[in-house]
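Here is the structure we will look at.
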Amino acid sequence: CISDEKLIMDRSCWGCLNGVHSFCYRCIKSVILLVKVGSVMIENILPAVVDDNTRVLIVGSMPGVQSLQKQQYYGHPRNHFWPIIAGIVGASVPTAYSDRIALVKNSGIGLWDVIKTCDRQGSLDSNIQNEVPNDFEQLFMQYPQIEAVVFNGTKAFSVFKRHIGLDVLQGRTFLQMP
């Protein structure tokens, strides 16, 4: 039953996730969650890009709609992340996403986001609510060689500090980028 306050959403349907329609008849059999009108419960499907070579971890907040749709970190074509990283490591920006991931991994850089799930309408960090963090304690136990954590934005740092705490960074350098 759909009321004015709730609508039925399917997590695998792009139209549902982006508010294009209020009910997905195409995927009615896999309807799995209820959300408030105006915001959508989003799950971060991007895995941590971390290996035994990772020394610096760049932490974002939550991927935008287009990044989630493409299943790519910093997937919006106007995002400046990849040109900045390429400039820092002295390389050209690879075209293929797999080559971009290889570039950061070969440079000792890892990627992950603070938020595992949240409610958000659109892609703006300012619209994020009800965030649930990823398990950084487990990540740092599995990869103790990570020496530095760079928070890509105010939202990433504030959510990390509020939900995880800075104690988990003990012995690591950290920096908040604007």
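Under 11 Å from the Cβ of residue 61, count the other residues' Cβ atoms, weight Lys and Arg +1, Asp and Glu -1, and hand me the total.
Once all neighbours under 11 Å are counted, the net charge is -1.
May I ask you to list the residues of region 92-127 whose amide nitrogen lies under 16 Å from a point 7 Å from Cα along the Cα→beta-carbon direction of residue 168?
Of the residues in region 92-127, 111-118 have backbone N under 16 Å from the label point off residue 168.
Based on the Cβ-Cβ distance of residue 88 and residue 119, what FRET efficiency does E = 1/(1 + (r/R0)^6) give at R0 = 45 Å, to the nearest 0.05?
With R0 = 45 Å, the Cβ-Cβ based efficiency is 0.85.
Which order, highest average first, do 79-85, 141-147 follow once you tally other Cβ atoms within 10 Å for each residue and take the mean per peptide?
79-85, 141-147
Can you give me the long-range amide H partners of residue 60? Hydrogens built in the peptide plane at 1.01 Å from N, cutoff under 5 Å, separation of 5 or more residues or another chain.
Those qualifying (amide H under 5 Å, at least 5 residues apart or on another chain) are 112, 113, 114, 152.
With respect to the cross-link table entries 105/155; 116/155; 70/116, which display a Cα-Cα separation exceeding 22 Å?
Values: 105/155 24 Å; 116/155 14 Å; 70/116 17 Å.
Flagged as over cut-off: 105/155.
Taking θ as phi - 60°, what are the ³J(HN,Hα) couplings along region 160-166 by the Karplus curve (6.51, -1.76, 1.60), each to the nearest whole Hz, with x for Gly and Pro?
Rounded to whole hertz, the list is 4, 4, 6, 9, 10, x, 7.
Does region 90-160 come out rounded, prolate or oblate, given a ≥ b ≥ c as the square roots of the eigenvalues of its C-alpha gyration tensor, rounded meaning a/c under 1.5 and, failing that, prolate meaning a/b above b/c?
It comes out oblate by the Cα gyration axes.
What spacing in nm lies between the two simple spin-label points modelled at residue 52 and residue 99, each 7 Å away from Cα in the Cβ direction?
Going from the residue 52 label point to the residue 99 one covers 2.8 nm.
Rule-based calculations on the coordinates, nothing more; no lab input. In this text the structure is predicted, and so the values were computed from the model without any measurement. When we count neighbours, we look across all protein chains shown, and the Cβ atoms used for this are built from the backbone with ideal geometry, even at glycine.
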